[in-house]
Amino acid sequence: MAREEAARRVNRVARTELEHFPNLVSMFLTRAREQGEKPFLWAKRGDQWTAISYLEAARQVTALADSLRNMGLNPGDRVMLVSENRPEWLIADLGIMAAGCITVPTYTTNTTRDHQHILANSGAAAVIVSTQKLAKPLLPAVLFASECHHVISIDDIITGQSPDVARFHHWSELVASGGDRDSLELRMASVKRDDLACLIYTSGTGGAPRGVMQHHGMILHNVAGCIDVIANDFGWDEEVFLSFLPASHAYEHTGGQHFPIALGAQIYYAESLEKLAANIEEVRPTIMVVVPRLFEMLRAKIMKQVEKEGGLPAYLMGRALSIESKRYSGKSAPWDLPMNGLLSLTLRRKVKRKFGGRMKAMVSGGAPLNPEVGLFFQAMGLPLLQGYGQTEAGPVISCNRPRAGIRMETVGPPLKDTEVRIAEDGEIMVRGELVMQGYWHNPDESGRVLKDDWLATGDVGHLDANGRIVITDRKKDLIVNDKGDNVSPQRVEGMLTLQPEILQAMIYGDRRPHLVALLVPDPEETKAFRGDPDAMHKAVSRAVDRVNAEVSIIEKVRRFIIADEPFTVENEMLTPSMKIRRHVISKVYAERLDALYKR
C-alpha cells in the first residue's frame, strides 16, 4: 500500500511539476525550498562524509550566478567546467545556468590540445577549474583562447606567471555572498525549456568532438521519463545516489546529477574508482548509474571469490545461476522454490550487503551490456536495468522495466513521451523533446542526423513484440566481410571479454575473408605466464576457442595478436565512457592486423 502511494505521489509530480518547470535551475530552486536543511551533496573530508544542505547549495548557486554576472558575463556566454566529480561541480553547473550562461563540461582526461579545440569551438568566455593537476593542461590552452577572459579556481592553484589574457578568481570569494534568491527566481522565470542549457562535447569514437546543444527541456524530458520508471516499477522514497561516472558525460550529467535533484535525493561523490566498492558499502545507495564494464569487473570479482571459497558457496552460486536461467527462459520448476528461498537468505543476502543492502536499481548505459552479465546480477537478486541513449538525446532514450518484463537482449521500451521508429535500412530513429537542437556551429553534421524532427541515432535494431528496442549494432561499426555478410563486432567483443583470460578486445576484418582480433590479456588471470609469451598466447588462444565454439562461422576469430598495452583513456584508445576508439586502435595496429591475413 505504501509503495502504491509512493508511486501515485511520483506520478503526480512527473506529470505536473516536471512537465511545467521552465528550466533546470527553477526545478532545483523548488526542490531546495521543499528540502530545506536536508543533506544534498556529500563528499569525504578526511575519514568523514560531510554534507552540503539543499538550502546551502541554493545559496552558493545564487552567489555564483551573481558573481558571474558582476564579472561581465552575459546571457548566452559559454563557461567551461573542468573538474572531477565533487559538490562544487553541480553547484558550478547550476550557477552557470543561473547566470543565464551555458555550461561546457569537459573531461578531466583532456589534453591541452583537447582543451584548445573546445575553447575555440565553443568560444567560452570563462573557465572553472578545480585543482592544480587539472589546471596544468588547461592553462596553456587558455593562452591561445582569444575569447576566454576569466579563470576561476575551486582549489588553490599556483600559476607562476599569470597570463595577461585572463583574470584569475577564487571560488571561495565568488560564493561567499548571500545572493539574491528572489531576483534569481524572477530572472529564471524567463528562461524557457527550449533555451540552451549546456554544450556537451561527445567523446567520439572517431573524429574531433562535437558540441551537442542540449536545451533545458531535453534534460527535463529525460528526468521525467526516469521518474516514471522509478515511480511505477520501484516506488519513490528517500533516494541516495553514489556518483562516480564522469559528470561531464551526458549520462551522468542527466542521470546522476539532475535526476537526483528532481527526486529531492542525496548525492554522494565517490572518492575514486579504486575505493568505489568500499564507498558503496559505506553510503548504501538506492540507485546507481553505471556502465557495463563495471558490472563485468564486479561479476568477475564475485565469481573469483566464490570459486576460491569453493564448497557450499560455489554450489549455491551454481544453483542461483541455474534457477535464474530457467526463470528467464520460462522454464521455472516448482521444486526450485525452496532453494530460491535458501539462496535469498544466504548467497544473495551476502552479495546484496556488498552493494549496501538497499539497492533499488542499478541502471547500465553508455555501451552494450552482455546478457550473461545481466542475468548474473539478476540471479544475485540485484535489479539491473539496461538503458539506451546517446548525448544527442539527452541522453536516455529507453530503459528496461520490471513491469514490462526485463529482457537482457533488449534495452527496454522508450521513455514516456518518446517516439521511436525503425527506418527502412534498420536505423533507429527518435523523436520528442529529448532530441538535441543540433551540433554547435556544425550545420552539415546537424543536418546529417536531424531529419524532419527525427534523430538518426546511427544504431541498427528493431522493436520486439512488446515494444522493447533491440539493438543489433552501430550502423557505422558493422563489419562487412568480402562475401557481403554483416558481422556485429560488439557481440563478438563482448563474448571475448567475458572470458577470464581476456580483459579487452577489438575485432577487425572489414572487407576481409574472416575476422581477426587484437586482444589485451587480463593481468590477474595471466600473471603466471608473465615472461613466457608462448604460454600467454596459448592461454588466450584457449579462451578464443571457447568463444568460437559458440558463434556462427562468419563470427569466428581465426587469428589474433596481443596488444602492447591495455586500451586506456590516456592513450586515447578508450573514450571516457569506456568505448573503444576503433580508428585510433586500428591506426596503431593496422600493419600487424593486416599481416594476420598473409600467414
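General remarks:
- Single match in Ala92, Ala43, Ala63, Ala51 (criterion: at pLDDT 95 or above, assigned to a strand (DSSP E or B) and either of a type in the set (Lys, Arg) or in contact with a Ser or Thr (Cβ under 8 Å, 6 or more places away or on another chain) (or both)): Ala43
- Checked against the criterion of being among the small types (Gly, Ala, Ser), buried (at least 24 other Cβ atoms within 10 Å of the Cβ) and under 23 Å from the mean Cα position of the chain (by Cα), the candidates Ala92, Ala126, Ala98, Ala58 yield just one match: Ala92.
- Selection from segment 21-47 of residues that are without any contact (Cβ under 8 Å) to a residue 60 or more places away in the chain and of a type in the set (Asp, Glu): Glu37, Asp47
- Long-range neighbours under 8 Å by Cβ, at least six apart or interchain, first residue outside the structural domain of Ser248 (by TED's automatic domain parsing) and without any contact (Cβ under 8 Å) to a residue 60 or more places away in the chain within segment 568-595, second surrounded by 14 or more Cβ atoms within 10 Å (Cβ to Cβ) and assigned to a helix (DSSP H, G or I): Glu572/Val584; Met573/Val584; Met573/Ile585; Met573/Val588
- Total residues in segment 424-440 satisfying the condition of being at pLDDT below 95 and either of a type in the set (Phe, Trp, Tyr) or in contact with a Lys or Arg (Cβ under 9 Å, 6 or more places away or on another chain) (or both): the figure is 3.
- Residue check, Arg78 buried (at least 23 other Cβ atoms within 10 Å of the Cβ) and farther than 23 Å from Tyr269 by Cβ: yes
- Check on Ser272, of a type in the set (Ser, Thr, Tyr), within 21 Å of Ala51 (Cβ to Cβ) and in a loop (DSSP other than H, G, I, E, B): yes
- Candidate set: segment 562-585, residues that are buried (at least 17 other Cβ atoms within 10 Å of the Cβ) and more than 26 Å from Glu84 (Cα to Cα); chosen: the one nearest to the chain's Cα centre (by Cα): Arg582
- When Ile227, Ile219 are screened for being in contact with a Leu (Cβ under 7 Å, 6 or more places away or on another chain), among the aliphatic types (A, V, I, L, M) and more than 26 Å from Ala65 (Cα to Cα), only Ile227 passes.
- Test: Glu274 is at pLDDT 90 or above and of a type in the set (Asp, Glu): no
Residues are listed down the side, and each one gets a yes or a no for (1) closer than 25 Å to Asn23 by Cβ; (2) touching a Pro at 6+ places or on another chain (Cβ under 9 Å); (3) without any contact (Cβ under 8 Å) to a residue 40 or more places away in the chain; (4) not hydroxyl-bearing (Ser, Thr, Tyr):
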{"site": "Ile397", "(1), (2), (3), (4)": "yes, yes, no, yes"}
{"site": "Arg401", "(1), (2), (3), (4)": "no, yes, no, yes"}
{"site": "Gly412", "(1), (2), (3), (4)": "no, no, no, yes"}
{"site": "Leu455", "(1), (2), (3), (4)": "yes, no, no, yes"}
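- The set of residues from segment 243-269 being out of contact with any helix residue (DSSP H, G or I) (no Cβ under 6 Å at 6 or more places or on another chain), in a helix (DSSP H, G or I) and either farther than 19 Å from Cys226 by Cβ or of a type outside the set (Ser, Thr, Tyr) (or both) comprises Glu252, His253, Gly255, Gly256, Pro260, Leu263.
The values are calculated or read from the model by the stated rules, or taken from the named source; none is laboratory data. Every value quoted in this text rests on a predicted model; they were computed, and no experiment measured them. Methodologically, a virtual Cβ is constructed for each residue, glycine included, from the backbone with ideal geometry; neighbour enumeration extends over all protein chains shown.
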